[in-house]
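The next block holds one structure in the form of structure tokens; read it before the comments.
The values are calculated or read from the model by the stated rules, or taken from the named source; none is laboratory data. Owing to the predicted nature of the structure, the values given are computational and were not obtained by experimental measurement. Here the Cβ is made from the backbone with ideal geometry for all residues, glycine too, and neighbour counts use every protein chain on show. These area figures cover heavy atoms from the full protein model, side chains too; ligands, DNA and RNA do not enter into them. Shrake-Rupley method; radii C 1.70, N 1.55, O 1.52, S 1.80 Å.
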Amino acid sequence: MPTLEKMYSMGHEEVVFFQDRSCGLKAIIAIHDTTLGPALGGTRMWPYNNEEEALVDVLRLSRGMTYKAAVSGLNLGGGKAVIIGNPKTDKSEALFRSFGRFVESLNGRYITAEDVNTSVEDIEHIFTETNYVTGVAQQYGGSGNPAPYTALGTFRGIEASVTKVFGSRSLAGKTVAIQGVGAVGFELAKLLTEAGANIVYTDINERGIQKMKESFTNAKYVNPNEIFSTACDIYSPCALGASLNDETIPQLKCKIVAGAANNQLKEDRHGLVLKQKNIVYAPDYLINAGGLMNVSIEFEGWADSKSRRMVDTIYDKTLEVFRISEEQEIPVNKAADVMAEKRLESMKNIKNSYLGKVNHRMPGQKRRF
Ligand code: NAD
């Protein structure tokens, strides 16, 4: 499908392609929807096989950001950027500063942040060229690493799910199986441990496994292919997307799926498959929004307490989505979409009225600039 048709069918406002031969930069920024505010979303660096793959990824990810911001009650639109390149060999100061200059040229319609394969150091280079970047290091007045806040939000989503299934918010004595103990999974394990939960975990990275062994006595390691069939109360995907699919869902022996990974359902229909299996699913983009909430606080002056207060709201929001799902007899992932779309629609509607601004150009009036 040609690019403009793809944009039309997915509702994107703007897609911008950039290249800078001097430093090997090839990037795409997709702005999906700015009804609620500037489009915010991270910059992913990935060795895409071709331009088409990169485009599909950035279109899908930026639309996801619109829904995540909307359902989270944030005044932000959805956007995302991808840099086509190998993060192990193609990174340089020039590449990220050049990228920052292109972000600056969009005049604040798009605000960037860290994502897969981009780091705090890369963000610093971008920050040298533009203020339209979040997740800047705390010594520069930014909010730093988002992972602890993403983990806290995921934990609140798990608490809401436990409230729904067991009638109490407590995680004491519950068993949580975590797939992926990286930045977020490890922080989540800390919170679960403090709450008295037992942990079963897996990872493919030896260093991550070792860190878990050194840090927790309540955590047991299983092989990556055993995590799905592990008997537990909660399965928590915190690795990559699409881990809930036709092969894995039949293996699950849990009552709840609630984790931080993006795009956990391989296809939308897998939300219904989980519902039919009587498994409560906490929608990924709702309960992993803690990192986004945290960076959004940077606009008003970041403080840990403000950020935590906002992230705590994920508990009530998750219960609200469960309520919509029950009332409308739809899978929970659809209920989250309904909640996001309802907010987008109502915010579009309030902009219908003419506000009578003094310097607004009236029909027939000469342009002043
Ligand atoms: P990370 O790279 O630090 O951790 C991911 C971990 O998963 C790694 O330790 C990796 O080895 C492991 N892993 C990968 N494939 C695996 C497999 N097949 N089996 C077991 N383990 C596997 O990433 P992160 O920042 O912790 O993010 C985790 C997930 O949460 C990602 O899907 C990310 O998109 C999502 N997310 C992260 C944030 C954030 O603030 N970092 C915010 C929102 C969503």
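The alpha-carbon atoms of the stretch 113-215 define a convex hull whose volume equals 125 cubic angstrom per residue. Rounded to the nearest 20 debye, the dipole size of the stretch 302-358 about its Cα centre is 480 debye, using +1 on the Cβ of Lys and Arg and -1 on the Cβ of Asp and Glu. Excluding ligands, DNA and RNA, the accessible surface per residue across the chain is 48 Å² with a 1.4 Å probe. Angle of helix 51-71 to the longest C-alpha principal axis of the chain, folded into 0 to 90 degrees and rounded to 10: 80°.
Considering only protein heavy atoms and a probe of 1.4 Å, how much of the accessible area of the chain is carbon and sulfur, as a whole percent? Mind dumping the intermediate values first?
Values: 8900 of 17680 Å².
Using a 1.4 Å probe with all protein chains present, the chain comes out at 50 percent carbon and sulfur.
Only lysines eight or more places from LYS220 in sequence, or on another chain, were considered; those with a Cα closer than 22 Å are LYS174, LYS190, LYS211, LYS253, LYS255.
For an R0 of 30 angstrom, estimate the FRET efficiency from the Cβ-Cβ distance between SER170 and ILE204 and round to the nearest 0.05. Working shown, then result.
Values: r = 32 Å, r/R0 = 1.06.
Result of the calculation: an efficiency of 0.40.
Under conditions of 20 °C and 1.002 mPa s, the stretch 1-78 yields 164 µm² s⁻¹ as its translational diffusion coefficient, taking Rh as the Kirkwood radius over Cα pairs in the Stokes-Einstein equation.
The angle between the Cα long axis of helix 183-194 and the longest principal axis of the Cα atoms of the chain comes to about 50 degrees, rounded to the nearest 10. Between SER9 and GLU104, the modelled labels are 3.8 nm apart [label points 7 Å from Cα along Cα→Cβ]. If you line up the long axis of helix 314-328 against the longest principal axis of the chain, both from Cα atoms, how many degrees apart are they, to the nearest 10? Once rounded, one gets 80 degrees. Partners of LYS351 within straight-line reach, counting lysines whose Cα lies under 22 Å from its Cα and excluding those fewer than 8 residues away in the same chain: LYS68, LYS342. For the stretch 331-357 versus the stretch 22-44, the spacing of their alpha-carbon centroids is 22 Å.
Applying both filters, DSSP loop and at most 16 other Cβ atoms within 10 Å, to the GluC sites (Glu not before Pro) of the stretch 179-281 gives GLU247, GLU267.
Across the chain, Cα pairs under 8 Å and at least six residues apart give a relative contact order of 15 percent.
Expressed per residue, the C-alpha convex hull volume of the chain stands at 171 Å³.
Mind giving me the FRET efficiency for LEU355 and MET1? R0 is 51 Å, r the Cβ-Cβ distance, nearest 0.05 is fine. Let's see the in-between values first.
Numbers: r = 39 Å, r/R0 = 0.76.
Taking R0 as 51 Å, the efficiency between LEU355 and MET1 is 0.85.
Counting only Cα atoms, I'd like the Rg/Rh figure for the stretch 39-180, Kirkwood definition for Rh. Kindly include the intermediate steps, with their values, before the conclusion.
On the way: Rg = 17.6 Å, Rh = 16.9 Å.
Across the stretch 39-180, the Cα-based Rg/Rh ratio is 1.05.
Note on the stretch 49-93 and the stretch 170-199: Cα centroid distance 28 Å, given to the nearest whole angstrom. Packing order of peptides 292-298, 195-201, highest average first: 292-298, 195-201 (average count of other Cβ atoms within 10 Å over each peptide's residues).
Report, in cubic angstrom per residue, the convex hull volume of the C-alpha atoms of the stretch 147-343.
Numbers: hull volume 22.3 nm³, N = 197.
Per-residue hull volume (Cα only) is 113 Å³.
Restrict the search to the stretch 311-347; then list the GluC sites (Glu not before Pro) that DSSP places in a loop and that have at most 12 other Cβ atoms within 10 Å of their Cβ. Let's see the in-between values first.
Details: sites: GLU320, GLU326, GLU327, GLU329, GLU341, GLU345; in loops: GLU329.
In loop regions of the stretch 311-347 (DSSP not H, G, I, E or B), the sparsely surrounded GluC sites (Glu not before Pro) are GLU329.
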